Amino acid sequence: MSQAQTETAHKCAVCGATTTLRCSRCKSVHYCSSAHQKQHWPTHKKSCNSTTTTPPASSASTTPASSTTSTTASAPSCAPDGVASQWMTGVVEHKRHEWLVDCYRTRVDDDYNLGGSNSHGVYEEYATKVTVAADFAVFCLLAALRGVTPRTGWDWDATLNTAVPLLPVTFDVAAAQAKYGADCLAVPPAEGAPSSLRYTAMLAYGRRAEDGEAKEDAQMDPTETNIRYQVTKMFIETQKERRGRTFYITKGSLSSHSLAHCLAHVGGAARWEALTNKLDLSV
């Protein structure tokens with residue numbers, strides 16, 4: 001059980017829901033979500049222990065009430081540091097990387113079946129190891145940006161190694177529920193559960209799968225659109241083909257690309273090159 005779960009529960013200042021999260025600045029006012037934190041800011045800023053008039057920037061700034069220790073890379077374990085990463089409290093530590101990969105795999109299936117045949121990842125008609133790796137990179141970057149993974153201490157090497165045998169295999173509703181139980185896809189999460197596969201993926205992408213094809217291009221999340229375009233372009237430009245089929249990307253090709261600094265936030269270019277070249281879509 002996580003430290004946050006054993007802490008005395010408090011009430012959200014907006015809705016009164018039980019929560020263990022609090023303002024990361026003054027550590028005295030509690031919220032159940034970043035949305036309620038931002039809603040309450042005009043009132044809270046008058047008493048918050050801060051000289052700035054800017055509210056905490058994102059859900060990642062709302063911390064568990066018991067979290068006073070650093071989550072640096074040298075720490076023995078990685079702890080959730082915001083609302084979006086509270087899924088970690090319900091998953092044993094050695095299973096967290098697989099669970100995160102399965103959040104992505106669930107979303108790929110949902111986007112196809114619930115999002116109007118929005119095909120990406122392994123569901124793309126002409127998927128290659130490069131396009132699948134690029135699509136997973138988009139998810140990982142969004143997860144890091146939006147606090148689904150902790151800002152420090154997350155072992156991306158472990159995540160990418162875990163992903164190698166999983167990314168080529170489809171992961172439908174039946175497979176997800178057989179692996180994690182009937183409530184693993186609930187949105188919002190089932191009562192007492194810190195999150196679900198589908199809900200965590202929604203936090204990363206910033207929208208539901210059902211919204212994918214329903215929005216006009218101009219209404220799409222510019223953050224996801226920009227990251228998806230830039231990262232996919234970066235990967236595709238590095239691929240090598242033999243007889244029309246992508247078979248590898250050259251060592252150092254991602255690290256030499258002008259946009260490779262993006263990958264530094266999710267493990268670094270060398271690890272993504274290794275992931276890409278290890279993928280086997282023939283399974």
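Just a few scattered comments:
- Less than 5 angstrom separates the built amide H of Leu21 from those of Tyr31, Ala65, all sequence-distant by 5 or more or on a different chain.
- Cross-link pairs Lys45/Lys95; Lys11/Lys45; Lys179/Lys278 - those with Cα-Cα distance over 27 Å: Lys45/Lys95
- Modelled this way, with points 7 Å down the Cα-to-C-beta line, the labels at Ala174 and Asp155 are 3.4 nm from one another.
Bear in mind that the values in this text are calculations on the coordinates, not laboratory data. As the structure is a prediction and not an experimental result, all values here were calculated from the model. Virtual Cβ from ideal backbone geometry, glycine too; neighbours counted across all protein chains shown.
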